[in-house]
Ligand SMILES: NC(=O)c1ccc[n+]([C@@H]2O[C@H](COP(=O)([O-])OP(=O)(O)OC[C@H]3O[C@@H](n4cnc5c(N)ncnc54)[C@H](OP(=O)(O)O)[C@@H]3O)[C@@H](O)[C@H]2O)c1
């Protein structure tokens, strides 16, 4: 059956960069699936999209809690049941500074920012391939530079240790870049291309879990609006050349990430371990 609209699934689209990304794609005529923790907090975005597109099916909520792999599986199944193509998967949701473990016992930032998205992408991979040309865009961060020792494998299955959660956030964002690069290799010649990116320093709610005394310091930096912060994700989703698959972007340009993010051995190890960890949910 012919589908009149291109379809995109975005995680964490109720606020911030994800919301701005969703609004732009809606204006461009995409049919959107907004995956997040709360229908109540996403409804305002759905209402806005319905209004600007004058289409009641322009945006659909999918329940997704990335900190629980059971929820990730349910979210993917719900989407697949719509029997629609998937042209764009935007792995945008993320947290910084929150501490603890995911439902399956992974360090919280790693579990949410990397492992939840890893499983979601695996479960949607076939649909992406059958919808090609398609893209997977993963919102990483320049903060991956702070992961100076690469991935600390021995700390991934225990609660967040650092006081501010910065180290763990940095590692999860390094994992985003390694994942996107490795995914491009797995998807070579399928018509599905992958991109990771730093959105800039953006005035969003992402800092809400960082210790209170640090927040004014963070706010001293010049920040982009969420709409400006969505520009690189949108560039990767819509305009970046497909032959540039697997690369990392900043300010709508290819950027070289740290040597850890280019370490193929680490990328393979992350892929293999992640696959093993999510296998009970596949
Ligand atoms: N802002 C920046 O300066 C900056 C810089 C570099 C990278 N980034 C990255 O940009 C992305 C978007 O962040 P943002 O700045 O737009 O922050 P934000 O406004 O806090 O948005 C984060 C989104 O992630 C969702 N989320 C958090 N935990 C989740 C979970 N367990 N399951 C499902 N969704 C979850 C949030 O949902 P709830 O509303 O339910 O919490 C929210 O929709 C993140 O990956 C972040 O790491 C941001």
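The values are calculated or read from the model by the stated rules, or taken from the named source; none is laboratory data. What you see is a predicted model; the values in this text were computed from it and never measured. Methodologically, a virtual Cβ is constructed for each residue, glycine included, from the backbone with ideal geometry; neighbour enumeration extends over all protein chains shown.
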Note: among 170, 175, just one is closer than 28 Å to residue 9 by Cα and free of Cβ contacts under 8 Å to residues at least 40 places away in the same chain, namely 170
Scanning region 242-277 residue by residue, the ones that are in a loop (DSSP other than H, G, I, E, B) and either surrounded by 17 or more Cβ atoms within 10 Å (Cβ to Cβ) or at pLDDT below 95 (or both) total 5
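Take region 5-34 and flag every residue that is more than 24 Å from residue 223 (Cα to Cα), in contact (Cβ under 8 Å) with a residue 60 or more places away in the chain and either assigned to a strand (DSSP E or B) or touching a helix residue (DSSP H, G or I) at 6+ places or on another chain (Cβ under 7 Å) (or both).
If the condition is that a residue be more than 24 Å from residue 223 (Cα to Cα), in contact (Cβ under 8 Å) with a residue 60 or more places away in the chain and either assigned to a strand (DSSP E or B) or touching a helix residue (DSSP H, G or I) at 6+ places or on another chain (Cβ under 7 Å) (or both), then 7, 8, 9 are the ones that fit.
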ask   = Does region 205-213 contain any residue that is under 28 Å from residue 103 (Cα atoms) and assigned to a helix (DSSP H, G or I)?
value = yes
The lone condition residue 232 fails out of (1) over 17 Å from the mean Cα position of the chain (by Cα); (2) in contact (Cβ under 8 Å) with a residue 24 or more places away in the chain is (1)
If you go through 246, 200, the only one that is over 19 Å from residue 146 (Cα atoms), touching a residue at least 24 places away in the same chain (Cβ under 8 Å) and touching a helix residue (DSSP H, G or I) at 6+ places or on another chain (Cβ under 8 Å) is 246
